[in-house]
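First comes the structure, then the notes that go with it.
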There are 2 protein chains.
Amino acid sequence: MSIIECVPNFSEGRRPEVIQALVTAIQAPGVLLLDHSSDMAHNRSVITVAGAPEAVLEGVFRAAAVAARTIDLFAHRGEHPRIGATDVIPIVPVTGITLAECVILAHRLGKRIGEELGLPVYLYAAAATRPERLRLPDIRRGEFEGLVANMQQPERTPDYGPAQVGPAGAVVVGARPFLVAYNIYLATPQIEIARTIAKQIRESSGGLPAVQAKGFLVEGQAQVSINLLDASVTPLHVVFETVARLASQQHIAIDRSELIGLMPERVMLAAAAHFLKLEGFQSTNTIEGAMRQAAAQQA
Amino acid sequence: MSIIECVPNFSEGRRPEVIQALVTAIQAPGVLLLDHSSDMAHNRSVITVAGAPEAVLEGVFRAAAVAARTIDLFAHRGEHPRIGATDVIPIVPVTGITLAECVILAHRLGKRIGEELGLPVYLYAAAATRPERLRLPDIRRGEFEGLVANMQQPERTPDYGPAQVGPAGAVVVGARPFLVAYNIYLATPQIEIARTIAKQIRESSGGLPAVQAKGFLVEGQAQVSINLLDASVTPLHVVFETVARLASQQHIAIDRSELIGLMPERVMLAAAAHFLKLEGFQSTNTIEGAMRQAAAQQA
């Protein structure tokens, strides 16, 4: 069975009845609500759902329809940049599906939102159709107000839907790998050590590919806070071992680590196989994995 | 959803048509065949299935019925000790079910085999009703021939079914934790080092609880061969780290390890959480685990 995760962001974080309507609408049959959080200052809500692709696409479409009906960007104020009522819809592969297949799903959902809700849709990240649409901040530059002013310029031509903008603004739909948010606590109160290690491991300063990192002081303990953008590029255990090695060079040990949110099972299985030196381990070497494979072959 | 594994052993390893009939019968709806192997010298077949408890119990009962009809212990010869056509049925918890619940399943299956197939049934391991029936070798002492001679003695009184024995013999049914068969290869050709480490880690010589271990030489490489009888007593990563520590004391590294057969996902997740120092990690911190939990709550 294929499972995708979807993490749509809506430009409403204050009116509980609207937030509740979004959360209700997204739970189409077969859609599992994993998390939702709203921020008053950002005036924004993030809902995390997972399930089979068909179910998730249906649920997210329904929520986007509710958002288009109930959120007016002309009246919206909030700290977070936004371009639409349903601001961004990232589609994420979890199990039994590739990123390339999620790109196709992004096209399907974008086309439906464009046609049935009459909203301009921009495809981003792995689903981008132009290099200048790879990065979300580039698409969102000028926000909703800039879009209203410049909709007719050629660089604003949507991938799907009409080249005109109403109170619901535009929707950005895309596909990206699963993001693992992971913090490592060092056995030291020296934030400088966390900052140095963060700089050493992050891609932007020549470190590990697909790794973002910053150093913080959290309750008196140095923390390396990590966004792992693609665990198939840099496995989580490589991040851990690299931090452990850099810390030990300064005679500091890793105290503990923590996961923010969820991660795919395969990230953990790959880590276990690595540390246990289990060569050639596959998810079908677990009972549950073997059963899923057998069930898929029977279906 | 609850998943059990069941690994019935049948006293037939030579007649392909009987083996095929057993393999066919056991695959009741919802039963997934994970593995089966037959040994000519032992004249014995081991079939590994998994699935929801109801489905697996039905499939194993059907196979036991086939075995009772087609295998004659009076004519059976083989190197492996045996007491019945269906010799032993271990019921093993995998996911969403406890060992105690598997004991109840063993009673249910034993009662049904006793009543419907008219065979004497002995409960063993976690399902044992007497201390002298905890260990399979104790129940099987004297084998089928001894059972025929001594059936009327009080210590032979079955837990279920009649106190009389026919050509299908008796069936031993029980519940036990999942057994992980795991080999660690040392970066040395010295078998003595593997033997020493095996002795240090196995429970029988004062080592780790629930661990059996032996040292071998496999293709010129020292191997510590391990049966981990209960990963909830001694986690797999503790076995690995203990072997690594003992080997390093002799300046030997672990080269690689290998899994024989399958293991439950939770054993791997626990290992990953340990090595990554992820405190408090639970299976519901994976997307797939969170989805299974949500699905179970909706059901």
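The values are calculated or read from the model by the stated rules, or taken from the named source; none is laboratory data. All values derive from a computational prediction rather than experimental measurement. Because the Cβ atoms are built from the backbone with ideal geometry, glycine has one as well, and the counts that use them run over all protein chains shown.
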Query raised in the report: Within segment B:140-199, restricting attention to residues that are free of Cβ contacts under 8 Å to residues at least 12 places away in the same chain and of a type in the set (S, T, N, Q), which residue is farthest from B:Val224 (Cα to Cα)?
Result: B:Gln152
Report task. Would you check if there is a residue in segment B:164-183 being aliphatic (A, V, I, L, M), at pLDDT 95 or above, over 25 Å from B:Arg140 (Cβ atoms) and surrounded by 19 or more Cβ atoms within 10 Å (Cβ to Cβ)? Result -> no
Query raised in the report: Within segment B:14-42, can you find the residues that are modelled with pLDDT under 95 and in contact with a Lys or Arg (Cβ under 8 Å, 6 or more places away or on another chain)?
Result: B:Ser38, B:Met40
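Please verify whether B:Ile254 is within 19 Å of B:Gly215 (Cβ to Cβ), among the aliphatic types (A, V, I, L, M) and modelled with pLDDT under 95, treating the condition exactly as stated. Step through it out loud before you land on a result.
Working: within 19 Å of B:Gly215 (Cβ to Cβ): yes; among the aliphatic types (A, V, I, L, M): yes; modelled with pLDDT under 95: no.
No.
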Report summary line: Within segment A:178-231, residues of a type outside the set (D, E, K, R), touching a Pro at 6+ places or on another chain (Cβ under 7 Å), farther than 22 Å from A:His251 by Cβ and more than 14 Å from chain B (Cβ to nearest Cβ) come out as A:Leu229
Query raised in the report: Out of (1) more than 19 Å from the chain's Cα centre (by Cα); (2) modelled with pLDDT of 95 or more; (3) not in a helix (DSSP H, G or I), what's the single condition that is false for B:Ile89?
Result: (1)
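Does B:Val66 fit the bill of being farther than 15 Å from B:Val173 by Cα, out of contact with any strand residue (DSSP E or B) (no Cβ under 6 Å at 6 or more places or on another chain) and buried (at least 17 other Cβ atoms within 10 Å of the Cβ)?
Details: farther than 15 Å from B:Val173 by Cα: yes; out of contact with any strand residue (DSSP E or B) (no Cβ under 6 Å at 6 or more places or on another chain): yes; buried (at least 17 other Cβ atoms within 10 Å of the Cβ): yes.
So B:Val66 fits the description; yes.
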Query raised in the report: Looking at segment A:20-37, is at least one residue within 28 Å of B:Thr286 (Cα to Cα), of a type outside the set (Lys, Arg), touching a residue at least 40 places away in the same chain (Cβ under 8 Å) and in a strand (DSSP E or B)?
Result: yes
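Quick check on my filter: what residues within segment A:14-57 are away from every other protein chain (no Cβ under 12 Å), touching a strand residue (DSSP E or B) at 6+ places or on another chain (Cβ under 9 Å) and surrounded by fewer than 20 Cβ atoms within 10 Å (Cβ to Cβ)?
Filtering segment A:14-57 down to residues away from every other protein chain (no Cβ under 12 Å) leaves A:14-26, A:28, A:36-47, A:53-54, A:57.
Among the residues that remain, those that are also touching a strand residue (DSSP E or B) at 6+ places or on another chain (Cβ under 9 Å) are: A:14, A:16, A:18-19, A:22-23, A:26, A:28, A:36-39, A:44-47, A:53, A:57.
Within segment A:14-57, A:Arg14, A:Pro16, A:Ile19, A:Val23, A:Ala28, A:His36, A:Ser37, A:Asp39, A:Val46 meet the criteria.
Does segment B:282-293 include one or more residues that are at positive phi, surrounded by fewer than 18 Cβ atoms within 10 Å (Cβ to Cβ) and of a type outside the set (D, E, K, R)?
Keep residues of segment B:282-293 that are at positive phi, which gives none.
Checked against the condition, which is being at positive phi, surrounded by fewer than 18 Cβ atoms within 10 Å (Cβ to Cβ) and of a type outside the set (D, E, K, R), segment B:282-293 yields no hits at all.
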Query raised in the report: Among B:Ala222, B:Ala273, B:Ala247, which is part of a helix (DSSP H, G or I), touching a residue at least 24 places away in the same chain (Cβ under 8 Å) and more than 17 Å from the chain's Cα centre (by Cα)?
Result: B:Ala247
Report summary line: B:Ala290 fails exactly one of (1) assigned to a helix (DSSP H, G or I); (2) more than 7 Å from chain A (Cβ to nearest Cβ), namely (2)
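Quick check: is even one residue across segment A:249-268 under 12 Å from A:Asn183 (Cα atoms), among the polar types (S, T, N, Q), buried (at least 16 other Cβ atoms within 10 Å of the Cβ) and within 13 Å of chain B (Cβ to nearest Cβ)?
So far as segment A:249-268 goes, yes, one or more of its residues are under 12 Å from A:Asn183 (Cα atoms), among the polar types (S, T, N, Q), buried (at least 16 other Cβ atoms within 10 Å of the Cβ) and within 13 Å of chain B (Cβ to nearest Cβ).
For segment B:96-158, list the helices (runs of 4 or more DSSP H) that sit wholly inside it and hold at least 1 residues that are basic (Lys, Arg); which are they?
On the way: elements: B:99-116, B:136-139, B:143-150.
Hits in segment B:96-158: B:99-116.
Yes/no matrix, rows are residues, columns are (1) touching a Ser or Thr at 6+ places or on another chain (Cβ under 7 Å); (2) under 16 Å from A:Ile89 (Cβ atoms):
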{"site": "A:Ala128", "(1), (2)": "no, yes"}
{"site": "A:Ile139", "(1), (2)": "no, yes"}
{"site": "A:Arg156", "(1), (2)": "no, no"}
{"site": "A:Val165", "(1), (2)": "no, no"}
{"site": "A:Ile184", "(1), (2)": "yes, no"}
Requested in this report: Starting from residues that are under 19 Å from A:Ala210 (Cβ atoms) and touching a helix residue (DSSP H, G or I) at 6+ places or on another chain (Cβ under 6 Å), keep the ones in segment A:270-287 and report whichever is farthest from the other protein chains (Cβ to nearest Cβ).
Outcome: A:His274
